[in-house]
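Each reported figure results from applying straightforward, stated rules to the coordinates on display, with no laboratory input. Please read these numbers as outputs of a predicted model, since none were measured by experiment. Reconstructed Cβ throughout: ideal geometry from the backbone, glycine too, with neighbour counts over all protein chains shown.
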RNA sequence: GUCCCCAUCGUCUAGCCAGGUCCAGGACACCGGCCUUUCACGCCGGCAGCACCGGUUCAAAUCCGGUUGGGGACGCCA
């Protein structure tokens, strides 16, 4: 009988959720979904200085946007500080830990010296063997102390099997007697985290590879506390194009989940992209529905090598990793229109060009129009930039379109009004009728139809490119087309 | 400095554990062509990689050792 899987995602609320954190959350969530396990959200807010309520809200919002749901929580780690302290006390009593009276200044000095002498930076164990009398004396003198875990000495090592990286061995001698409680009585993350995981019965710790070096220490804590250690699965890290770990500090908004929401990403497309960063299936599939991803997911598919988040800051063509955009594009163009409708709506609202009728009497038209123009778009914001003319009469004319497709042909100044009249005179305004009128006119004038077609497109949509013009005209509608063509004459002034 | 991890096209990666079927497959990006009123979509084609050296073997991208390169950890941060 396999026990139920319990995983957790423990962000520290010191800023927004960034893609590294999102990736960790996604992998944990996927694993829980896959195994029918439980996913706990725990806010590690014990660093009071840097934690903020605002940050917590932002993180929750980003997770919700991504569609990552949790079964328990969010718990605040700070609520359990008493338990953490009690655990430290227990370790002290059982002889697994000891009080250290070394001052921060002393330690800093020693570390600095060691750095200079290119020696290991480990704690030298000054207080490890203090006699009970010495300890009592220092305490009586009111000397503050930290609590350190007592690492076994005289050979031996910690060995564990990481699900991704395989067997990892760390010699005791390479582990220092690390601090688990500050001199002000506050427990440290390494302790709190282990205590919380024990209490929450976490079965699998899935986290970034930067936690790999900490793992032997945590295993020692579990052992000292007499609790079984969970299984560990470390994930490769996400690096930037300069191969540095991505961070809020150096990359700012570009690595924030909310940035992708604002820039027109479909949440699932983003999850799909993130899942592919450092994970794959042997059949090289890339597009997964939610159900397919859960079905295909396996911790074994996590790659050991770090992956690069290929954002090219200076490339005007891509505002982020081209692969991320291409996946978003795929979903944008292939999902049933109804599924992307809410996201388009959101963008129109944000741009102030939303018309409530788009979801009532004009809904059919709205869906058809989205469907018509989406094959050229990459993100939902394109609907309010490139596609603005479909939804609003207040749209800009691309200078290139103006120059190349309107001003270049003086004749359009006379032809536009005639075209407007003729198109307006059509009784049933259909694609075929619109095409007939325009082609006949071109023939009459003895010019290429393309001149009229491209000129009309420029005037009616403001763009040099777009769907087949006759479809465009139907989408924009007869009256507006005529109106826009008449107005276009003013471009020649 | 010490310890740990990693190494296939520009990027994400399959293949590696059980060596031959791989003169290395897919995707994105890029280039060319077809289609077309424009731009896309779509279709067809192309460019491009096993870091290096040695060993084991009839045979190595795959196993072993080393070198180089990269990343991470080493806090009274999480």
**Request:** Bin width 5 Å, alpha-carbon pairs only: give the P(r) of region A:178-227 as whole percents, running from 0 to the bin holding the largest distance.
**Result:** 4, 19, 31, 27, 15, 4, 1
**√(5λ) per eigenvalue of the Cα gyration tensor, region A:217-302, largest first, Å** = 29, 21, 13
**Message:** Only bridges whose two residues both fall in region A:184-324 count here: according to DSSP, what percent of them are antiparallel, nearest 5?
**Reply:** 20
**Request:** With runs of 4+ DSSP H residues as the only contributors, calculate the mean residue ellipticity of chain A at 222 nm using -39,500 (n - 2.57) per run, divided by the residue total and rounded to the nearest 500.
**Result:** -13500 deg cm²/dmol
**Request:** Would you mind ranking A:139, A:93 by Cβ crowding within 10 Å, fewest neighbours first?
**Result:** A:93, A:139
**Asked** Separation between the residue A:357 and residue A:477 pseudo-spin-labels, each 7 Å from Cα along Cα→Cβ, expressed in nm?
**Response** 0.5
**Request:** Please determine, in degrees from 0 to 90 and to the nearest 10, the orientation of helix A:412-425 with respect to the longest principal axis defined by the Cα atoms of chain A, where the helix direction is its Cα long axis.
**Result:** 90
**Message:** Taking the 0 to 90 degree range and rounding to the nearest ten, how far is the long axis of helix A:478-487 tilted relative to the main principal axis of chain A, both from C-alpha atoms?
**Reply:** 80
**Complete:** Counting only DSSP beta bridges with both partners in region A:151-250, the antiparallel fraction in percent, to the nearest 5, comes to 55
**Asked** How big is the gap, in Å, between the Cα center of region A:364-437 and the Cα center of region A:454-475?
**Response** 3
**Fill in**
Restricted to chain A, the DSSP antiparallel beta bridge percent, nearest 5, is 50
**Prompt:** To the nearest 10 degrees, how steeply does helix A:53-66 sit against the main Cα axis of chain A, on a 0 to 90 scale?
**Reply:** 60
**Request:** Express in nm, to one decimal, how much length is gained between residue A:76 and residue A:4 on full extension, taking 0.36 nm for each residue of separation and deducting their alpha carbon distance.
**Result:** 23.6 nm
**Fill in**
Computed from every Cα-Cα pair in region A:391-482, P(r) in 5 Å bins starting at 0 and rounded to whole percents is 3, 14, 27, 28, 20, 7, 1
**Prompt:** Could you list, bin by bin from short to long, the percent of Cα-Cα pairs of chain A in 10 Å steps?
**Reply:** 4, 15, 21, 18, 14, 10, 8, 6, 4, 1, 0, 0
